[in-house]
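The values are calculated or read from the model by the stated rules, or taken from the named source; none is laboratory data. All figures in this text were calculated on a predicted structure; none of them were measured in a lab. Note that we place each Cβ from the backbone using ideal geometry, even for glycine, and neighbour counts take in every protein chain shown. Accessible surface is based on the protein model in full, side chains and every heavy atom, while ligands, DNA and RNA are left aside. Shrake-Rupley method; radii C 1.70, N 1.55, O 1.52, S 1.80 Å.
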Amino acid sequence: MLSTFFVNLCVIISFLYLSGIIAKYYSIRLPFPSLRVQLVGGFLFGLYGTVLMNYSFHINDTTIVDLRHLAVVTAAVYLGGLASVITGIIIAILRIVMFGVTSAAIDAAFIMILLGLAGVYFAYASWSRLTKIITMNLLGMTMIFIVLLMNTPSMNTLMKVYPIQMTIAFAGGLFIYFIAEFINRSNEMLFLLERRASTDHLTDLSNRRQFEQSLQSELQHARQYHQKLSLLVIDIDRFKKVNDTFGHSAGDSVLKQLGQLLVEHARSTDLVSRNGGEEFAILLLDCGYHQSMAIAESVRKAVARSLFILPDGQTVKLTISIGVAVYPDHCDDHDDNDLFDQADRALYEAKNTGRNRVCSLPPRNITVVDNDSF
């Protein structure tokens with residue numbers, strides 16, 4: 001009997017590890033996981049609970065004991081109410097399918113569904129996860145005791161099994177909590193590291209590394225589908241004066257506000273990045289020359305008429321210069337760096353001809369079709 005419950009714990013821990021690997025690809029770090037996450041998680045934990053029934057201890061021909069209720073508890077606490085209900089229903093159905101239609105099977109199925117429904121409350125209760133696991137575990141074991149009492153002919157037989165099951169279930173709940181929290185923290189740290197590797201810490205825009213990856217990827221896409229791809233390279237005019245006059249904290253505040261302004265004036269499909277210092281870039285997907293010039297001019301005007309608020313309450317006005325390049329009009333089709341180089345050259349042209357303007361170099365390639373949309 002002890003070996004049966006020990007195997008149950010080992011199976012649960014293995015499943016938690018597997019779930020932790022799967023969780024890296026889903027947004028379970030949100031306070032309320034998405035519907036998709038709950039559906040997938042509920043199905044998986046339902047299967048986990050079913051596997052536990054294959055490692056059960058038989059009290060008699062129709063009554064078995066195991067730790068399957070911990071699958072429902074874990075689904076409720078870490079995935080949500082819907083996952084809890086799905087887990088309970090799957091375990092309930094497969095309990096009857098695998099072991100036949102008996103009064104014990106029906107009673108066991110009923111309490112799994114009932115525990116799954118109770119998980120809806122526990123999932124969204126404002127308690128700590130440890131408190132939820134302990135309380136829901138105790139509720140589940142109370143339900144199990146009632147069912148065992150109804151289906152076990154001898155109280156003496158029941159009391160030989162139930163205290164051990166209760167003890168191991170309680171210890172298992174604690175194991176689940178500490179292992180799940182460790183996996184959760186590990187996944188969260190991995191998410192933060194990945195995000196920091198691709199995000200500018202000041203503006204929360206894509207950083208230079210992510211920009212270069214996106215540029216290469218979108219160029220390949222544009223070549224494959226014969227689409228236009230435009231690039232705006234943006235630089236703040238005389239930004240050094242802001243830092244020298246008001247301090248670097250004021251300069252940082254201006255950069256944050258400008259980043260937000262660029263996001264607001266770009267299209268929802270466009271990619272905005274800060275490439276370092278006061279230089280920004282916007283990748284305009286499926287966008288031809290005339291439309292990209294119009295967007296660049298709109299961004300320039302928006303910045304010129306905006307007031308940027310400094311930490312001390314003062315306001316400053318800024319201007320920006322923008323260089324525009326379009327694939328395939330301005331660049332070599334076989335050089336991934338050429339689009340950026342041409343936009344950067346256009347930016348220097350804007351700087352050298354008076355700043356606060358949008359410039360583009362003459363096109364190298366003559367194209368018959370332009371995918372501009374107005």
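Taking all Cα pairs closer than 8 Å and separated by 6 or more residues, the relative contact order of the chain comes to 12 percent.
Relative to the longest principal axis of the Cα atoms of the chain, the long axis of helix 155-198 makes an angle of roughly 10 degrees. Classify the range 1-197 from the C-alpha gyration tensor, please: rounded if a/c falls under 1.5, else prolate or oblate depending on whether a/b exceeds b/c. Verdict is prolate for the range 1-197. Summary of the geometry: the range 221-252 and the range 85-107, compared by the centres of their Cα atoms, lie 61 Å apart. Taking label points 7 Å from Cα along the Cα-to-Cβ direction, Asp252 and Ser217 give a separation of 2.9 nm.
Heavy atoms of the protein chains alone define the surface here; on that basis the range 87-224 has 53 Å² accessible area per residue at 1.4 Å probe size. Counting protein heavy atoms only, the range 1-197 has 72 percent of its accessible area on carbon and sulfur, 1.4 angstrom probe.
Using a/c under 1.5 as the rounded threshold, could you call the range 208-360 rounded, prolate or oblate? The axes a ≥ b ≥ c are square roots of the C-alpha gyration tensor eigenvalues, and prolate needs a/b larger than b/c, oblate otherwise. Prolate, because a/c is 1.5 or more and a/b exceeds b/c.
If both residues of a DSSP beta bridge must be in the chain, then about 85% of such bridges are antiparallel.
For a straight C-alpha distance cut-off of 27 angstrom, the lysines reachable from Lys301 (same-chain residues fewer than eight places away being disregarded) are Lys228, Lys240, Lys241, Lys256, Lys317, Lys351. Using only Cα atoms, tell me the angle between helix 81-99 and the longest principal axis of the chain; keep it within 0 to 90° and round to the nearest 10. Approximately 40 degrees, to the nearest 10.
The mean sequence separation of alpha-carbon pairs under 8 Å and at least six residues apart, normalised by the residue count of the range 208-360, gives a relative contact order of 28 percent. Computed from the C-beta positions of Ser198 and Tyr121 and an R0 of 45 Å, the FRET efficiency is 0.70 to the nearest 0.05. Between the helical axis of 2-23 and the longest alpha-carbon principal axis of the chain there is an angle of about 10 degrees. From its DSSP helices (H runs of at least four residues, each -39,500 (n - 2.57)), the chain gives a residue-normalised ellipticity at 222 nm of -21500 deg cm²/dmol. Legend: calculated FRET efficiency, Met159 to Leu35, from the Cβ-Cβ distance at R0 = 41 Å, rounded to 0.05, equals 0.40.
Peptide packing for 124-130, 180-186, 274-280 was compared via the average number of neighbouring C-beta atoms within 10 Å per residue; ordered from the highest value, the list is 274-280, 180-186, 124-130. Charged neighbours of Asn356, selected by a Cβ distance under 15 Å, balance to +4 (K, R count +1; D, E count -1). When a/c is below 1.5 the answer is rounded, else prolate if a/b is larger than b/c, else oblate, so apply that to the chain with a ≥ b ≥ c taken from the square roots of the Cα gyration tensor eigenvalues. Since a/c reaches 1.5 and a/b is larger than b/c, the shape of the chain is classed as prolate.
For the chain, a Gaussian network of Cα nodes joined below 10 Å ranks Asp332, Asp312, Asp107 by mean-square fluctuation, and the top entry is Asp312. Accessible surface calculations at 1.4 Å, restricted to protein heavy atoms, place the range 264-321 at 44 Å² per residue.
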